[in-house]
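**Student:** I have a structure here, written as structure tokens, and I will follow up with some questions on it.
The values are calculated or read from the model by the stated rules, or taken from the named source; none is laboratory data. On a predicted model such as this, the values are computed, not experimentally measured, just so you know. Glycine gets a Cβ as well: all are built from the backbone with ideal geometry, and neighbour counts include every protein chain shown. Surface accessibility is based on the protein's heavy atoms, side chains included, excluding ligands, DNA and RNA. Shrake-Rupley method; radii C 1.70, N 1.55, O 1.52, S 1.80 Å.
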Amino acid sequence: MSIPIPSRQLFIDGEWREPVNRKRIPIINPATEETIGDIPAATAEDVNIAVEAARKAIFRNGGKDWASATGAHRAKYLRAIAAKITERKPELAKLEAVDCGKPLEEAAWDIDDVAGCFEYYADIAEGLDSKQKTPVTLPMETFKCHVLKEPIGVLGLITPWNYPMLMATWKVAPALAAGCTAILKPSELASVTCLELADVCREVGLPPGVLNVLTGFGPEAGAPLASHPHVDKIAFTGSSATGSKIMTAAAQLVKPVTLELGGKSPIVVFEDVDLDKAAEWTLFGCFWTNGQICSATSRLLVHVSKVEIVLKFSLSVLAVSVQINPYFSLMHLYLAASAVFYESIAAAFLEKLVKWCEKIKISDPLEEGCRIGPVVSGGQYEKVMKFISTAKGKVPQSCMAVQDLSYGLGAAVLSQDLDRCERMTKAFQVGIVWVNCSQPCFSQAPWGGRKRSGFGRELGECPDLEHASSFLRFDCIFSSVSSVEREKKFLKWKDLCTLRCQKLVLRCFHSVTGSVKTHAEEGISKEHSE
């Protein structure tokens, strides 16, 4: 199965424009490592043109066309964008899959979330109308005061490669709802669907200059955008190193920034949990989206009486890792997941298991039934391995280990004792806490981190764009609610990784030992064939 990649230019002032230097960047299919197309490579000259277009859009017709228009007026465009994305979902999902390597079914869910996010911020935009000129009570009757909520102005939005269209939407949708104009600079590793988002905006008639999309490399396009004197704010999702550079550039102009820089999120497993559920959530929290997720709960702290979960987790890591990337050192990944168990599992068994796993070929994201596709690039693998080598053998203990972490995006706690969960929630110094679950995320709830994971919040009612108090933190707590009426889609979403891993681990075991199928394996096959 294949899909042609549209040949696009930069999207500036409502039109497709060739880059000033006329250079382009090849698009690499991460499943095959073949070149399947190319994208335009913007430079500082293109950034200048886009910023000028965005600034004109702010002030066009005295601001009445966009910035000073009613929220209801802007909401019509947001809903039109959502409808068009839903209409083009099959095409957009395939483009996302071949561009960033995620399985087609997962990419399709991302596109659903994109449309849902635009719909949500259409409602928010309409709600802004009733909140204008909010009166403020003063101690003197001789004066009157009210609060006027206005758009910040021109925004620079820089997004990552793991959720290309969705991460762009997290920034674009609230920016447009607030009446801002924007220049979107997606990752050069996965830009295809962001250019298609520009095409959607063109189709629905979004006023020229309101959204501009510049593809290109960070130093050539992202850096000039971050330091541009006529960009009023930068919102960035990516690495800590790049975030630090963006913050430095913005500081020269005293420009506000929102930074979401990922982290190394912990998941704490107490002794009163159901072992199978704990193993499932632990695996899912770490390896959803192939582990390429900023909030992955990849730092496992487990009660000594539940060390069996570490074994289950480690074997699952071995099975999953070969599906992620054929270049992965399985032994290294195993050691990073659990140094504790290295001594207790026979080295000979591991060597045979690794050798067997080398025969597993990487999956094409568009292949039917694909659950885990490839990573975006070998470069990302090299970055990950640097951190894995330093993590080997370190087994943090007690709640202090959680508080001592440099990062603070997310954390999870698994326990049937809800009072203990609440105490852990308060102990975590993070922006998002999951109780008896890991990774649920919704447009309606704020998202963002603390410490080296960045600052500012996205999603929810977007306090950053609405000028909410600078002296309050907005932390978000998710709890798993046990119910027979759980949404089927969410259950399927959570089970995708674990089912695949269960089968792979069993196949690994039978290949090494030469044993026949167990009743458990037959049960898995029967259950999921119905």
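**Student:** I want to check the label-to-label distance for Asn48 and Glu18. Put each point 7 Å from Cα in the C-beta direction and report it in nm to one decimal.
**Tutor:** 2.0
**Student:** Can I ask one more? Of the cross-linked pairs Lys102/Lys277; Lys64/Lys84; Lys133/Lys426; Lys102/Lys451, which ones have a Cα-Cα span greater than 27 Å in the structure shown? List each step's numbers first, then the result.
**Tutor:** Details: Lys102/Lys277 25 Å; Lys64/Lys84 25 Å; Lys133/Lys426 36 Å; Lys102/Lys451 30 Å.
Result: Lys133/Lys426; Lys102/Lys451 exceed 27 Å.
**Student:** Leaving out ligands, DNA and RNA but keeping every protein chain, what accessible area does Arg452 have, in Å² rounded to the nearest 10, with a 1.4 Å probe?
**Tutor:** Per-residue accessible area (Arg452): approximately 130 Å².
**Student:** Another question about this same structure. Can you put Leu104, Leu95 in order of accessible area, largest first, using a 1.4 Å probe? Don't skip to the end; give the middle numbers.
**Tutor:** Values: Leu104 45, Leu95 0 Å².
Result, largest first: Leu104, Leu95.
**Student:** Across region 73-89, in residue order, what do the Karplus-derived ³J(HN,Hα) couplings come to in whole Hz, using 6.51 cos²θ - 1.76 cosθ + 1.60 with θ = phi - 60° and x for Gly and Pro?
**Tutor:** 5, 5, 4, 4, 5, 4, 5, 5, 5, 4, 5, 5, 5, 4, 4, 9, 3
**Student:** Here's a follow-up. Please list His303, His228 from largest to smallest accessible area, probe radius 1.4 Å, with all protein chains kept in place. Don't jump to the answer; show the numbers that get you there.
**Tutor:** On the way: His303 65, His228 20 Å².
Order by accessible area, largest first: His303, His228.
**Student:** Give me the percent of the accessible area of region 102-249 that comes from carbon and sulfur atoms, probe 1.4 Å, all protein chains in place. Each step should come with its number before you reach the end.
**Tutor:** Numbers: 3100 of 5190 Å².
Of the solvent-accessible surface of region 102-249, carbon and sulfur hold 60 percent.
**Student:** Can you send over the solvent-accessible area of Phe59, 1.4 Å probe, protein chains only, in Å² to the nearest 10?
**Tutor:** Here the residue's solvent-accessible area equals roughly 130 Å².
**Student:** Taking region 81-164 as the region of interest, what is the percent of Cα-Cα pairs per 5 angstrom bin, listed from the shortest bin to the one with the maximum distance?
**Tutor:** The calculated distribution, bin by bin, is 3, 12, 14, 14, 14, 10, 9, 7, 5, 5, 3, 2, 1.
**Student:** OK, next. Collect residues whose amide H, placed 1.01 Å from N in the peptide plane, falls under 5 Å from the amide H of Asp38; neighbours closer than 5 in sequence don't count.
**Tutor:** Amide H to amide H, under 5 Å and 5 or more residues apart or across chains, Asp38 pairs with Ile27.
**Student:** Sticking to Cα atoms, compute the Rg of region 222-273 to one decimal and its Dmax as the biggest Cα-Cα distance, whole number, in Å.
**Tutor:** 16.1, 56
**Student:** Once you have all Cα-Cα distances for region 1-155, histogram them in 10 Å bins from zero and send the whole-percent values.
**Tutor:** Answer for region 1-155: a P(r) of 9, 23, 30, 23, 9, 4, 2, 0 percent.
**Student:** Which of the pairs Lys23/Lys89; Lys171/Lys255; Lys171/Lys245 have their Cα atoms more than 28 Å apart in this structure? Working shown, then result.
**Tutor:** Working: Lys23/Lys89 30 Å; Lys171/Lys255 17 Å; Lys171/Lys245 20 Å.
Listed pairs above 28 Å: Lys23/Lys89.
**Student:** Please name whichever of Cys100, Ile111, Trp66 sits farthest to the positive end of the charge dipole of region 8-142, dipole taken about the Cα centre and charges placed at Cβ: Lys and Arg +1, Asp and Glu -1.
**Tutor:** Trp66
**Student:** Could you work out how far apart the two model spin labels at Thr35 and Ser244 are, taking each label as a point 7 Å from the Cα in the direction of the beta carbon, and quote it in nm?
**Tutor:** Here the answer is 3.5 nm between the modelled labels.
**Student:** By accessible area of protein heavy atoms, probe 1.4 Å, what ranking do Glu45, Glu126, Glu458 get, highest first?
**Tutor:** Values: Glu45 95, Glu126 75, Glu458 15 Å².
The most accessible residue leads, giving Glu45, Glu126, Glu458.
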